[in-house]
Amino acid sequence: MIHAVVLAAGASSRYGVTPPKQQDLLPTVLAALHKSTEVGGILVVLGAHPVETGERTVRCPDWERGPGASLRCGLAALPPDAEAAMVVLADGPGLDPRAVDRVAASWRTEGGEVVAATYGGIRLHPLLLSRAAWTLVPDEGARGLEARLVPCDDLTPPGDVDLRR
């Protein structure tokens, strides 16, 4: 089973303080994950801000150490039946469920410990980590891991919102 890990632990200091961007953007990301046919569960990793969500959450006390620490908290909180984690960002409101499904299907058919979507040749999210890769996540996050790439050029990139517009 594939479980989604949504990283929503950051301070969102570049976005503004009230409300944190996670509160504004998370519902859209969660809706996209619910449309995926490949995700069997969703876990939201929180840290700097409490965020209301109808999903299971885990608070990462080490969130200030960076995205790798937050991701490791999320991975550690997944159930034993999780074969892989589909990692997405809470501040990626353009997440397309078809990209989630495409990355998951590619992993199922072609394998790989780390599989990531690309848009126009740029590696972004979603990113799938097989259970074998969970212990490899560095402090800078999964971006530091070599990945097998899955083209999603025909889909809209998920985005990464850092500034309130």
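The values are calculated or read from the model by the stated rules, or taken from the named source; none is laboratory data. This structure is a prediction, so every number in the text was calculated from the model and none was measured. Methodologically, a virtual Cβ is constructed for each residue, glycine included, from the backbone with ideal geometry; neighbour enumeration extends over all protein chains shown. Note: accessible area is taken over every heavy atom of the protein model, side chains too, but ligands, DNA and RNA are not part of it. Shrake-Rupley method; radii C 1.70, N 1.55, O 1.52, S 1.80 Å.
If you go through the range 130-160 and keep only what is of a type in the set (D, E, K, R), over 20 Å from residue 7 (Cα atoms) and surrounded by 14 or more Cβ atoms within 10 Å (Cβ to Cβ), you end up with just 148.
Scanning for something over 16 Å from residue 2 (Cβ atoms) and open to solvent by 10 Å² or more (accessible area, probe 1.4 Å), does the range 74-88 turn up at least one residue? Yes, the range 74-88 contains a residue that is over 16 Å from residue 2 (Cβ atoms) and open to solvent by 10 Å² or more (accessible area, probe 1.4 Å).
Being under 23 Å from residue 152 (Cβ atoms), out of contact with any Leu (no Cβ under 9 Å at 6 or more places or on another chain) and buried (at least 19 other Cβ atoms within 10 Å of the Cβ) is true for just one of 95, 46, 26. Which residue is that? Of the residues listed, the single one that is under 23 Å from residue 152 (Cβ atoms), out of contact with any Leu (no Cβ under 9 Å at 6 or more places or on another chain) and buried (at least 19 other Cβ atoms within 10 Å of the Cβ) is 26. Without any contact (Cβ under 8 Å) to a residue 24 or more places away in the chain, over 12 Å from residue 2 (Cβ atoms) and not aromatic (Phe, Trp, Tyr): is that true of residue 118 in this structure? No, not satisfied.
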